[in-house]
Structures are given as C-alpha cells and as structure tokens.
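The values are calculated or read from the model by the stated rules, or taken from the named source; none is laboratory data. Everything numeric in this text was worked out from a predicted model, so none of it was measured. So basically every Cβ, Gly included, is an ideal-geometry build from the backbone, and we count neighbours across all protein chains shown.
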Amino acid sequence: MPFDSDRTALIIGATRGLGFALADTAVEFHDIRSIGLGRSVSADIVMQSPASYMIRCDISKPETWNEALASITVYGPGFVVWNAGIFDPEKRPFVGQPDDLIDAMIDTHLRGPMKFLRRVHRLQMTDERPYHLIVVASTSWYRLRENESLYCGLKGFKHAFALNFHGELTRDLPGSKVLLVNPGGMKTDFLGQTGQDVSKMMDPFAVAEIVWREALAQTQSFGEINIIREPDGTPRLERGTMTPETPA
C-alpha cells in the first residue's frame with residue numbers, strides 16, 4: 001500500500017521517550033505512518049510495523065541529514081513533529097555547566113532543528129504541500145526550576161517560535177496547522193539519568209495518545225495544550241497558554 005502523505009509523520013527525536021511513543025502510537029492506533037529520526041537508531045529500536053521506520057540522523061549535525069531530507073522529498077509528510085532534546089544529567093547550575101554541554105544543548109534543542117525545519121519547509125513549499133507542525137516544548141517554559149535555566153530557556157524559545165512561525169507557515173502553505181505541546185515530567189531515561197525518582201511521572205505512551213488525539217481533532221490553525229502531571233502520575237489535559245511563574 002503506498003504512503004498517504006496526509007497520514008505520514010516525520011518525528012525529529014524518535015528513538016526514546018516521548019518521541020518513540022509518538023512514533024509507535026501513530027502507527028498502532030491512528031493509522032499514521034511514521035518516519036523517526038534519531039542519532040541512536042539501532043536494530044534494537046527499529047519499529048516492528050512495516051508502516052514505520054527509523055533513520056539515523058543527528059539533528060545537530062547537518063552532514064547526517066541526507067537520508068532524512070530525501071524521505072521528505074518522497075513522502076511529503078502531513079505531520080512534522082519537533083521533539084529532539086537533551087538535558088544536563090548532573091543538573092548543574094548554569095555557571096557550572098561546561099561549554100561543550102551548553103553547545104550541545106543549544107545545537108540539539110535549537111540550532112539544528114531550526115536549520116532542519118527550514119529545509120523541510122522549503123521542500124514542502126516546492127510541492128505546495130501543507131503540513132501540521134507539532135512542537136513539543138515543556139511545562140518548564142512557564143515554571144521556575146532549580147538549576148535548569150538553560151533548559152527552561154530553550155523550551156521558552158520553542159514556545160515563542162511556535163506562536164510566531166504559525167503566521168508564516170499558514171501564509172506560505174494555506175491549510176497548515178501548528179500544535180504547541182507542553183508536557184510535564186515523564187517516565188523516561190531523560191529524567192532518570194539525573195537520579196530523579198520517576199516512579200510517579202507520566203507514562204510517555206499515555207502522553208503520546210493525548211497529543212495525537214488533540215492533533216487529529218484540531219480544527220483551528222493554531223492550538224496549544226498542556227499535559228500536566230497529577231501527583232499519582234496521571235496526565236491531565238489543559239488547553240491554552242499558561243501564565244508564567246515569577247520569583248517570589
């Protein structure tokens with residue numbers, strides 16, 4: 001069966017955590033074929049379904065993008081999910097973070113995805129193919145976090161970018177949409193590597209199901225959702241932009 005572009009998702013950062021859950025849930029429950037991008041792609045995590053596959057691609061290194069960009073030319077994805085990110089496993093204060101970690105965080109969260117998304121957008125414009133951009137930010141963009149200044153700032157950038165790029169995307173490719181997603185903490189090695197107790201964090205597959213449900217039901221060209229972690233780890237959905245916390 002040939003690919004249906006409208007039911008194809010390109011997922012940036014899909015080899016673990018929420019990204020992997022988004023890829024898997026898309027195929028298993030929503031008949032959306034997924035193309036997952038990640039730098040740690042291996043035989044152990046290749047999707048079992050023939051309706052999805054993984055491409056080794058380090059979003060921070062343009063020299064690794066060729067296969068990923070070729071897949072866009074062929075399939076013209078109806079969904080583009082921007083999910084990639086890294087975290088300081090030692091949760092050091094900003095002044096104690098080494099230069100190479102700062103560079104890696106900026107390259108993975110911001111510089112690489114910006115350049116890659118620009119390429120995706122140009123390719124979609126060439127063939128006049130609108131797409132649904134799903135930007136995975138975080139509740140951290142509006143919450144005060146100890147020793148997470150850089151991480152929260154990068155998530156704040158994604159929030160501001162999504163709000164503003166929406167106008168350009170829908171102008172260039174009418175029919176396109178943006179869904180801005182702000183999830184709370186999840187049971188992934190992303191947080192587990194810090195030594196933090198993740199036993200009462202949210203299940204990334206439950207979060208992924210909420211994201212796809214909201215995306216597929218979206219009728220307006222822009223939407224924003226917050227997936228809040230309840231004390232027992234149950235996800236709770238709230239729509240709209242939250243008010244940022246301020247220091248006491």
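Residues in segment 158-192 that are assigned to a helix (DSSP H, G or I) and touching a helix residue (DSSP H, G or I) at 6+ places or on another chain (Cβ under 6 Å) were compared, and the one that is modelled with the lowest pLDDT is Phe190. When every residue of segment 164-184 is checked against the conditions, at least one turns out to be of a type outside the set (A, V, I, L, M), within 30 Å of Glu245 (Cβ to Cβ) and touching a residue at least 60 places away in the same chain (Cβ under 8 Å).
Here Leu150 meets each of (1) outside any strand (DSSP E or B); (2) touching a Leu at 6+ places or on another chain (Cβ under 8 Å) with one exception, condition (2). Just to be sure, is Asp58 assigned to a loop (DSSP other than H, G, I, E, B), charged (D, E, K, R) and within 20 Å of Gly13 (Cβ to Cβ)? So Asp58 fits the description; yes. Name every residue in segment 209-248 that is under 18 Å from Val178 (Cβ atoms) and small (Gly, Ala, Ser), in order of residue number. Residues satisfying the conditions are Ala215, Ala217, Ser221, Gly223, Gly240. Might you check whether a residue that is part of a helix (DSSP H, G or I) and within 23 Å of Val27 (Cα to Cα) occurs anywhere in segment 221-241? No. Taking Lys187, is it crowded, with 20+ Cβ neighbours inside 10 Å and either among the hydrophobic types (A, V, I, L, M, F, W, C) or within 22 Å of Glu238 (Cα to Cα) (or both)? The answer is no for Lys187.
For segment 124-164, a residue qualifies if it is surrounded by 17 or more Cβ atoms within 10 Å (Cβ to Cβ) and of a type in the set (A, V, I, L, M), and the qualifying residues are Leu133, Ile134, Val135, Val136, Ala137, Leu150, Leu154, Ala162.
Might you let me know whether segment 135-148 holds any residue that is in contact with a helix residue (DSSP H, G or I) (Cβ under 6 Å, 6 or more places away or on another chain), among the hydrophobic types (A, V, I, L, M, F, W, C), touching a residue at least 60 places away in the same chain (Cβ under 8 Å) and on the phi < 0 side of the Ramachandran plot? The answer is yes; a qualifying residue exists. Does Thr73 satisfy the condition of being in contact (Cβ under 8 Å) with a residue 40 or more places away in the chain and out of contact with any Gly (no Cβ under 9 Å at 6 or more places or on another chain)? In short, yes.
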